[in-house]
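A.B. asks: Have a look at the structure that comes next, please.
The values are calculated or read from the model by the stated rules, or taken from the named source; none is laboratory data. None of these values were measured; they are calculated from a predicted model. Virtual Cβ from ideal backbone geometry, glycine too; neighbours counted across all protein chains shown.
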Amino acid sequence: MFKLNYASLDLQGDIPCFEFKTHAQMIDFIDEKCINRSSQLVWLLAREGSQDIFISENHLSVQDFLENKYLWNIRGEYFLQEYSSYEEAQKVALSMYETSSLCYINK
């Protein structure tokens, strides 16, 4: 099962989780949700258990990443979040990396 936690910019309340039987169904859902909002948002995409985080202002790039990144074509829990700027998305991404020893410069 593919689970997508989708936090839209105008989210009120808890982040909804959508379940899909196939990877392609999840990608189609992302296209449906994001297609008319491309020039207004920045998307952050993450997958549970992975240190890879993808950020883009183009939802087609998000879809392309999901389709072509081999390790992202596996069942599990995914997180797609919308932000109004790269700055906001980058701050969240940095906080996601804080469990890694490579997050900050060691002096």
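A.B. asks: Considering the stretch 17-34 alone, what residues qualify as being within 15 Å of the chain's Cα centre (by Cα) and either surrounded by 15 or more Cβ atoms within 10 Å (Cβ to Cβ) or under 19 Å from residue 84 (Cβ atoms) (or both)?
C.D. replies: Result: 18, 23, 26, 27, 29, 30, 33, 34.
A.B. asks: If residue 14 passes every condition in (1) charged (D, E, K, R); (2) outside any helix (DSSP H, G or I); (3) under 14 Å from the mean Cα position of the chain (by Cα) but one, which one does it miss?
C.D. replies: (3)
A.B. asks: Check 61, 95 and return the single one that is part of a helix (DSSP H, G or I), of a type in the set (Ser, Thr, Tyr) and surrounded by 14 or more Cβ atoms within 10 Å (Cβ to Cβ).
C.D. replies: 61
A.B. asks: Could you pull out the residue among 86, 78 that is among the hydroxyl-bearing types (Ser, Thr, Tyr) and out of contact with any helix residue (DSSP H, G or I) (no Cβ under 9 Å at 6 or more places or on another chain)?
C.D. replies: Unique residue meeting the criteria: 86.
A.B. asks: Report, by residue number, each residue of the stretch 62-79 that is more than 12 Å from residue 23 (Cα to Cα) and at pLDDT 90 or above.
C.D. replies: 79
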